[in-house]
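Remarks on the structure that follows.
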Amino acid sequence: MTIQTHILGYPRIGAKRELKFACEAYWKNETSQTEFLEKAYAVEASNWQAQIDAGTSLLTVGDFVLYDSILTHAVRLGVIPARFHEASKLNQIDQQFYLARGRAPNCSDVAALEMTKWFDTNYHYLVPELDSAQTFNADFSELYAQVDRAKTLKQPLKVVVPGLLTFLYLSRIVDQQQSSEVQDHHKEHDCECGHEHAELAADKATLQFVDALIPIYAKLFDELSARGVEYVQVDEPILVLDLAPEWQAAFERVYHLLQRRDALKLIITTYFETLGENLNLAVNLPVAGLHIDISREKAGEFFWKKVIDQLPSHKILSLGVINGRSVWASDLVKLDEIVQTAQKTLADRLWLSTGCSLLHVPVDLSSETVPSNIDGKLAFARQKLDELVALASGNIYVNEKLSKAAEHSFDLVAQSRPEAFEIRFKAQQEKFNLPLIPTTTIGSFPQTTEIRAARAAWNKGQLSDADYETAMKKEIAYAIEQQVALGLDVLVHGEAERTDMVEYFASLLDGFWLSKFGWVQSYGSRCVRPPIIVADISRPNAMTVKWIEYANSLSDKIVKGMLTGPVTILNWSFPPAHRTRREVCLQLAEAIRLEVSDLQTAGVEIIQIDEAAFREGLPLRKADRPEYWDWAVKSFKHCSSSAKLDTQIHTHMCYSDFKDCLAEITAMDADVITIETSRSGLQLLEVFHQQGYPNAIGPGVYDIHSPRTPSSENMRSVIDGALKTIPAERLWVNPDCGLKTRNWAETKAALTELVKMAKEIRKELEAA
Ligand code: GLN
Ligand code: ZN
């Protein structure tokens, strides 16, 4: 007997990033909306075709959206914040883009919606803004049109809808006054650090909208039923979180009120974790079925068995057996044992699926040239469809290559610097003799068209290694010259030679594989190509020394060495199949430690180890967090353990929400930490003020995401605010992130103001 199969979602960017290019052309007004939609629907059609070709039992509809699912749902519910009032003249296609980007044809520019991390993934969703007096004006006609397109394929359909409670949990209430604050920092989502809310919104106040939404959902389900849809996949992933009692109670009430008496069956889907404490609640909701993700269970946990034990005997259980977050092939033999056991109890109530949407993995492996050491071991979205169907039809095969996956592993004892901060800092100050509140930048300078053209030519073999090196050195020399002219105190080489702060190191370390087309959506049209960790990590050669050494030779000022930290490299890569994250992180830390050592030998006196994604791998449930912090902090400290007493270690983080983790940030014990403060206002410093921070800090004084020249007063207010908490001796002045997305004119204008402001304050401090 073949078991029913379905997926929770498929990547929507297209195998060749067709949707990205179509969106960008449309935004630039190079194509009409009709032409744009034609291209988008071609991707939608090929996603459906992939499911039909593979032979899944149900066709998944509604997961394909143009920018983000939560955004699309908000627009369909009529949740359009007041500042977008001009959206009334747009159709829903343009409304979505207006909310996401803050601009639309014939509308005034306003601040885009905030975006934040989608649970613990590297995908970002747009946070819906509800007004306290929000009314809903639903229009799901675009979804119905999508269902009609799917119906022409004559397959049984399952439509995906964001669950009512997950939608409210991820939204926030923004009143008029806050809305004008948002407006103040108009933000383009154009770099990797565009997410200032590390936590999901989870504002209980949004529960007040439950009653308004229930009839809307009921009507939506009625309409889908009338269109012959058999199943609705109601995404309620918040069921895997530590939920407050109010949310738990709301689940019972909402699904009781949304109970169906007709043929339409609701399947509640949960993913990214087990149900934990919400097990009892979830299995008993009055719906037709439940989906769980078994790929995140801890070894030996067998949580899925508990779910089967407790599931009422009429319900469908969709078992998410294929890991939707991993790029590795499934061990079908092992999964088959699970399937067999589950089937004994569930019989035809068992469905098989991917743990979560396949949105989080690259589209198709078939266009890659895979090196022999990992050949046969990988599976991207398209390959996962085949695995799923093979498993359901009992057509399993032994993958010999998987069994011998784990290479030797080395266990490393994490080291840390022996001297306390006060002693180190004193030695460093004596050696560097920097002025009070020294000025610096975060590392990158504009990635100009010339830089990108040179790299593209080099990658294509049109530019020799030597010529590429000369081209990059020219950029470094230019960056140093500009910084000297601007009067900055501590210089950087500008990172011209780096495409991306993680990919650069992954390409030079052993143990990584960089795919050619392994793109994954990060948000909207932005895609990332995470490196894949395939073996033990080691550093065959120094990675950054020649560039920094060259930069250092060009002036008398100190040049900061620039590295990416192990936690960030790990969190922005695909982890290996058979290693714990802790183990891999320490291996990465050892490689970075060796680099710190080589930089130091080459005469580099200040070394920054960026940890932009330090908290991005934080587990969803509180109980799992201490373990993460433990190895993350140890790994960072291990990198800096080769630094001498008077070598100064900096770190940089692109966010400011340290409320719940200042202790861990402090435990990293970097001599200087530079952070984002310009957008979060001075809230952040409040946390530092209340909890105290012993080491030195560079609060970002202006938002590098904005092309506007920052005003001196705004920058000053950050430093004045910081001085209330942090003594001038331990304060630095810098922008809030790297400048690679800006152009040189904007950069020079902003830094001129920054240096001027720092000099003024310095004079006042010295006079006092
Ligand atoms: N050093 C990096 C840069 O300046 C840091 C980037 C980041 O934090 N996202 O670009
Ligand atoms: Zn940053």
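The values are calculated or read from the model by the stated rules, or taken from the named source; none is laboratory data. No experiment lies behind these values; they were computed from the predicted model shown. So basically every Cβ, Gly included, is an ideal-geometry build from the backbone, and we count neighbours across all protein chains shown. Only protein heavy atoms, including side chains, enter the accessible area calculation; ligands, DNA and RNA are left aside. Shrake-Rupley method; radii C 1.70, N 1.55, O 1.52, S 1.80 Å.
Could you tell me how many degrees, from 0 to 90 and to the nearest 10, lie between the Cα long axis of helix 625-640 and the main elongation axis, the longest principal axis, of the Cα atoms of the chain? Approximately 30 degrees, to the nearest ten. Placing unit charges on the Cβ atoms of the charged side chains and taking the dipole of the chain about its Cα centre, the candidate lying farthest along the positive direction among I649, I592, M562 is I592.
Rounded if a/c is under 1.5, else prolate if a/b is larger than b/c, else oblate: which is segment 73-150, with a ≥ b ≥ c the root eigenvalues of its Cα gyration tensor? Display every interim value, and only then the final one.
Working: a/c = 1.39, a/b = 1.05, b/c = 1.33.
Rounded.
Multiply the residue separation of K474 and E760 by 0.36 nm, subtract the distance between their alpha-carbon atoms, and state the gained length in nm to one decimal.
Working: separation 286, 0.36 × 286 = 102.96 nm, distance 3.29 nm.
Roughly 99.7 nm would be gained on extension.
Estimated from helices alone, the mean residue ellipticity of the chain at 222 nm is -12000 deg cm²/dmol (sum of -39500 (n - 2.57) over DSSP H runs with n ≥ 4, per residue).
What number comes out for the charge environment of S393, summing +1 per Lys or Arg and -1 per Asp or Glu over other residues with Cβ under 12 Å away?
Working: positive: none; negative: D336, D386, E387.
Every neighbour counted, the sum reads -3.
Farthest towards the positive end of the charge dipole of the chain, among the residues S88, Y397, H6, is the Cα of Y397, using unit charges on the Cβ of Lys, Arg, Asp and Glu. A cut-off under 11 angstrom between Cβ atoms defines the neighbours of Q92, and their net charge, with Lys, Arg +1 and Asp, Glu -1, is -2. The C-alpha atoms of the chain define a longest principal axis, and helix 210-226 lies at about 50 degrees to it. A straight Cα-to-Cα reach below 18 Å connects K756 with the lysines K748, residues fewer than 8 places away in its own chain not being considered.
The simple spin-label model puts a point 7 Å past each Cα toward its Cβ; for K431 and D510 those points are separated by 3.1 nm.
Taking the Kirkwood radius as the inverse of the mean 1/r across Cα pairs, report the Rg/Rh of segment 8-59.
Values: Rg = 12.6 Å, Rh = 11.7 Å.
Ratio of gyration radius to Kirkwood radius: 1.07.
Shape verdict for segment 32-73, please, from the Cα gyration tensor: rounded (a/c under 1.5), prolate (a/b greater than b/c) or oblate. Oblate, since a/c reaches 1.5 and b/c is not below a/b. Just to confirm the number: angle between the C-alpha axis of helix 92-101 and the first principal axis of the chain, 0 to 90 degrees, nearest 10? So the inclination is approximately 30 degrees. Scattering from the chain was approximated by placing one identical point on each alpha carbon and applying the Debye formula without solvent; log10 I(q)/I(0) at 0.06 1/Å stands at -0.38.
What is the distance in Å between the Cα centres of segment 56-135 and segment 208-270? Answer, in whole Å: 21.
Placing +1 at every Lys and Arg Cβ and -1 at every Asp and Glu Cβ, with all other atoms neutral, what dipole size does the chain have around its Cα centre, in debye to the nearest 20? Each step should come with its number before you reach the end.
On the way: 80 positive and 103 negative charges, 196 e Å.
The dipole magnitude comes to about 940 debye.
Provide E497, E30 ordered by accessible surface of protein heavy atoms (probe 1.4 Å), highest first. Walk me through the intermediate numbers first.
On the way: E497 10, E30 120 Å².
From most accessible down to least: E30, E497.
For a modelled paramagnetic label at N284, 7 Å from Cα along Cα-to-Cβ, the residues of segment 305-336 in reach, with backbone nitrogen under 17 Å, are 306-315.
Reducing segment 613-657 and segment 721-768 to their Cα centroids gives an inter-centroid distance of 25 Å. Each of I423, I437, A457 was scored by the projection of its Cα onto the charge dipole of segment 410-470, and the greatest displacement toward the positive side belongs to I437; charges sit on the C-beta of Lys, Arg, Asp and Glu.
Cut-off 16 Å, label point 7 angstrom out along Cα-to-Cβ of K546: give me the residues of segment 438-475 whose amide nitrogen falls inside. Taking a point 7 Å out along Cα→Cβ of K546, the residues of segment 438-475 whose backbone N falls under 16 Å are 455, 458-459, 463-475.
Holding the Cα-Cα limit at 22 Å, pick out from K158/K306; K474/K740; K426/K637; K426/K644 the pairs that are longer than that.
On the way: K158/K306 26 Å; K474/K740 16 Å; K426/K637 20 Å; K426/K644 13 Å.
Violating the 22 Å Cα-Cα cut-off are K158/K306.
Here's the list of lysines a cross-link from K219 could span, going by alpha-carbon distance under 16 Å and ignoring same-chain residues fewer than 8 apart: K265. Entry note, segment 326-391: relative contact order of 51 percent, from Cα contacts under 8 Å with a spacing of 6+ residues.
Using R0 = 30 Å, the C-beta based FRET efficiency linking D467 and D720 works out to 0.05. A crude spin-label estimate for the pair K748 and I52, with each label 7 Å from Cα along the Cβ direction, gives 5.8 nm.
With each label modelled as a point 7 angstrom along the Cα→C-beta vector, the S393-Q259 pair spans 4.0 nm.
With the largest listed first and rounded to whole Å, the semi-axes of the equivalent ellipsoid of segment 706-768 from the Cα gyration tensor are 23, 12, 10. How are the C-alpha pair distances of segment 374-492 spread across 5 Å bins, as whole percents from the shortest bin up? In whole percents, the pair-distance histogram is 2, 7, 9, 9, 7, 7, 9, 13, 12, 9, 7, 4, 3, 1, 0. Excluding L165 itself, calculate the net charge of residues whose Cβ lies under 14 Å from the Cβ of L165, where each Lys or Arg counts +1 and each Asp or Glu counts -1. Local charge sum for L165: -4.
Quick one: putting +1 on the C-beta of Lys and Arg, -1 on the C-beta of Asp and Glu, what dipole do you get for segment 633-766 around its Cα centre, in Debye to the nearest 20? Write down the numbers at each step before the final one.
On the way: 16 positive and 18 negative charges, 68 e Å.
Using Cβ point charges on Lys, Arg, Asp and Glu, segment 633-766 gives about 320 debye.
The shape of segment 573-619 comes out oblate: with a ≥ b ≥ c from the C-alpha gyration tensor, a/c is at least 1.5 while a/b does not beat b/c.
Please state the relative contact order of the chain as a whole percent: Cα pairs under 8 Å, 6+ residues apart? Could you put the intermediate results ahead of the total?
Numbers: 1443 pairs, mean separation 93.1, N = 768.
Relative contact order, the chain: 12 percent.
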